[in-house]
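Below is one structure, written out as structure tokens; the observations come after it.
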Amino acid sequence: PRPPAGMGTVPEPCPQASLAVLSKVELRVSCKHLLDRDTLNKSDPCVLLLMQTQGQWMEVDRSEVIKSNLNPVFAKIFTVDYYFEEVQKLRFEVYDSHGHAGVGTHDDDFLGGTECTVGQIVAQKRVTKPLFLKYGKFAGKSTITIISEEISGNNGYVELAFRAKKLDDKDLFSKSDPFLEIYRIDDDRSEQLVYRTEVVKNNLSPVWEPFKVSLNSLCSCEEKRKLRGVVWDYDSRGKHDFIGEFFTTFEEMQKAMGENKVQWDCMNPKYKIKKRNYKNSGVVVLLDLKIHRVYSFLDYIMGGCQIHFTVAIDFTASNGDPRNSCSLHYINPYQPNEYLKALVAVGEICQDYDSDKKFSALGFGARIPPKYEVSHDFAINFNPDNDECEGIQGVVESYQSCLPKIQLYGPTNVAPIISKVARVAADEERTKEASQYFILLILTDGVVTDMADTREAIVRASYLPMSIIIVGVGNADFTDMQILDGDDGVLRSPKGEPVLRDIVQFVPFREFKNASPTALAKCVLAEVPKQVVEYYSYKAFPPRCPRPPSPDPTLGSPQ
């Protein structure tokens, strides 16, 4: 069956703001060591991509069927809309196809499946996971590898037009049916399929359709990276005949811009050794190349930029005694309080973009042991040398264990914590690389007391790689807090200096009380990608070249 034309149901936008598609992501899939379900031949695998929408798994697209192959590299590129501000769950299912009957969904056709999020794939760039049968049983040694690239259009991309001339004829009663594959050769000498053209039937001088690929996909930002082109004679049983190959670089390809053309001898190494007067097996010509560079949020993330998440929690007396059920800090064993709800909703998004999954957790407005002096920037794990907690759960545990040890006090001063994170961001800025961006989430139950100092600190921070999210907890009048969110005008320091960038997002939690936790995250994080790009564009820091993919041990367990 033909793949569905649509991309499934787009997740519902947050009720507070229209949710723009940040970008589109290309996912390339390959498998290894698939189970062999066929008696006479090997399995004919096909991959189905499903996305979770409102708790239901919906098929959004499927790959081509690759004949008789247990280690398929699929040419199909899956395209998904990418939203930084929400968790997008994907499921990949591999089936053994049966010719005209298409892809079955019977258990005996199922070769395995796996789940992950779009955020995990783009943050790691390459994810390899085991395939599982029903009930979490491993599908033998089967694995699936998903590689992400930002789609051409928003990203820098290149448009290429190839043809060939006088290719070797591999067929007895007709001419060859050639197609071209372009591979990128990675640092470990492995080859990544970048593009596979259509087959041109019965033609030794084919002209293939022009195609677009992202620069990241083609050469990983490196113009001198080696590329390999391979020309095959198509065989319907999957046993394609090798015609020849050529090697090049993107640097060399760029000579084809304008009226120029670049061509390569298409070489068969065996013929070169055996045949004395062998010249080539044809010529491949790059007719045209068009290039366009634009940097986007995903360029920075895929280039290795980490999002470092810090949470700052208001422990002023206006929250109420934590032992009292009316307190905003009351720990209800059956229901998380508003502080925890906001922390988890935002933190769960950010954790996919932080490789070490460690988060700084600070408190302000309390008297703390041992001397019970008021502090406006203390580590809630009470470790002054390392304020980081292990994952969101670590922050939750530190918060719960900290409450009985402190005395809620005041005032509500947030400038010290903004300045503390800004000092770390300033150290990062000095590297002159797009390697770390900082998000500070401030959870507070009232209007800040040190408004002048806070405005000054925000203006200073707007020149650094950081964004600030403020969530107002409880029922206080937060009208004065809107001044910090520059949506209604430019925030200025007390001396009148404007912010370089609008880096503050403020929302009252009560507007989301009856919405799902993801609605809050969508609204407060929707501006972050734009803020990241604005900062690095202002600094003229390009994305770093993609780092080598590293396996994430948390992704290997059964779902």
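What trypsin sites (Lys or Arg not before Pro) in the range 167-216 are in a loop by DSSP, with at most 15 other Cβ atoms within 10 Å of the Cβ?
Working: sites: K170, K175, R184, R189, R196, K201, K212; in loops: K170, K175, R189, K201.
Sparse-neighbourhood loop trypsin sites (Lys or Arg not before Pro): R189, K201.
Within the range 357-440, which trypsin sites (Lys or Arg not before Pro) sit in a loop by DSSP and count at most 10 neighbouring Cβ atoms inside 10 Å? Please list the in-between numbers first.
Working: sites: K357, K358, R367, K371, K405, K420, R423, R430, K432; in loops: K357, K371, R430, K432.
Here the trypsin sites (Lys or Arg not before Pro) that fit, given the DSSP loop and packing criteria, are K371, R430, K432.
Computed over the chain, the per-residue total of -39500 (n - 2.57) for DSSP H runs of n ≥ 4 gives a 222 nm mean residue ellipticity of -5000 deg cm²/dmol, rounded to 500. If you wrap the Cα atoms of the range 176-243 in a convex hull and average its projected area over all directions, you get 5.2 nm².
Rounded to two decimals, the Cα radius of gyration of the range 17-87 over 2.2 N^0.38 Å is 1.42. Pairs with C-alpha atoms separated by more than 25 Å, drawn from the list K76/K125; K201/K224; K432/K522; K170/K270; K76/K201, are K201/K224; K432/K522.
So what is Rg over Rh here for the range 416-511, counting just Cα atoms and using Kirkwood for Rh? Walk me through the numbers on the way to the answer.
Details: Rg = 13.4 Å, Rh = 13.8 Å.
Ratio of gyration radius to Kirkwood radius for the range 416-511: 0.97.
Per-atom-type breakdown for the chain gives carbon and sulfur 50% of the accessible area (1.4 Å probe, protein chains only).
All alpha carbon pair distances within the chain were sorted into 20 Å bins beginning at 0; the resulting P(r) in whole percents reads 19, 45, 27, 9, 1. Surface listing: L133, L90 arranged by accessible area from highest to lowest gives L133, L90, probe 1.4 Å.
Over the alpha-carbon set of the range 24-151, divide Rg by the Kirkwood Rh and report the Rg/Rh ratio to two decimals. Each step should come with its number before you reach the end.
Working: Rg = 14.1 Å, Rh = 14.8 Å.
On the Cα set of the range 24-151, Rg over Rh gives 0.95.
The Cα center of the range 77-91 and the Cα center of the range 337-408 differ in position by 30 Å.
What are the chymotrypsin sites (Phe, Trp or Tyr not before Pro) within the range 173-211 that DSSP puts in a loop, where the Cβ has at most 11 other Cβ atoms within 10 Å?
Values: sites: F173, F179, Y183, Y195, W208, F211; in loops: F173, W208.
The qualifying sites are F173.
Looking at the range 238-375, the pairs of alpha carbons with a distance over 22 Å make up 69% of the total. Is the C-alpha gyration tensor of the range 109-197 telling us rounded, prolate or oblate? Criteria: a/c under 1.5 is rounded; beyond that, a/b larger than b/c is prolate, otherwise oblate. Oblate. Taking the longest Cα principal axis of the chain as reference, the axis of helix 451-461 is set at about 20 degrees. Note: relative contact order over the chain, using C-alpha pairs below 8 Å and six or more positions apart, is 12 percent.
A P(r) calculated from all alpha carbon pairs of the range 157-292, with 5 Å bins opening at zero, reads 2, 10, 20, 23, 20, 14, 8, 3, 0 percent. The separation of the range 484-545 from the range 175-207, counted between C-alpha centres, amounts to 45 Å.
The aspartates and glutamates within cross-link reach of K275, meaning a Cα-to-Cα straight distance under 18 Å and a gap of 8 or more places when in the same chain, are D168, D169, E245, D265. Could you list log10 I(q)/I(0) for the range 273-318 at q = 0.16, 0.27, 0.32, 0.34 Å⁻¹, which the Debye formula gives when each Cα is one point scatterer? One equal scatterer on each Cα of the range 273-318 leads to -0.79, -1.06, -1.14, -1.19. Largest to smallest in accessible area, the residues H376, H329, H240 fall in the order H240, H376, H329 (1.4 Å probe, all protein chains included). Annotation: per residue accessible area for the range 116-219 equals 43 Å², rounded to a whole number [probe 1.4 Å, protein chains only].
The values are calculated or read from the model by the stated rules, or taken from the named source; none is laboratory data. Treat the numbers as computed from the prediction; the structure is a model and nothing was measured. Every residue, glycine among them, receives a Cβ derived from its backbone with ideal geometry; neighbour counts consider all protein chains shown. What goes into the accessible areas is simple: the full protein's heavy atoms, side chains included, and nothing from ligands, DNA or RNA. Shrake-Rupley method; radii C 1.70, N 1.55, O 1.52, S 1.80 Å.
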